[in-house]
Amino acid sequence: MGGTPRIYVDFLNTGGRANQVVLDTAGTLSDLERNGIVLREDLVLHLYNDDADASGQRDDVIVDGVAHFDEQSGQWVAIYDPTAFMHESELRDKE
């Protein structure tokens, strides 16, 4: 994930489906625009949401997702593997 821009998402905004997040929050749209990312099918996105460790230090939750346009809802979503979540500190430990 290093070097590729991370896109803020609200992992609670699932659109009623498991293992996906709707890409419509202000933070998401701002990150996409700021990084010049145009959504298209199967685009890999590096997703994050703010979190903290036990001592209150910032330690964002991150996971890769794949962009998909949901015809039924008319919205862009990112589909992700729920077992792939990690904290930013875990990613740093692997580098």
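Readers should treat all values here as calculations from the given coordinates under stated rules, not as data from a laboratory. Please read these numbers as outputs of a predicted model, since none were measured by experiment. No Cβ is skipped: glycine too gets one built from the backbone with ideal geometry, and neighbour counts run over all protein chains shown.
Data table
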item: Linear extension gain, His46 paired with Thr25, 0.36 nm per residue minus alpha-carbon span; result: 6.0 nm
item: Estimated FRET transfer efficiency (Ala84, Asn13; beta-carbon r; R0 22 Å; 0.05); result: 0.75
item: Extension reserve of the Arg6-Ala54 stretch, reckoned as 0.36 nm per residue once the Cα distance is removed; result: 15.0 nm
item: Percent of Cα pairs exceeding the 18 Å cut-off, where the set is the chain; result: 44
item: Percentage relative contact order, the chain, counting C-alpha pairs under 8 Å, at least six apart; result: 26
item: Label-point gap, in nm, between Arg34 and Phe69 - each point 7 angstrom along Cα→Cβ; result: 2.6
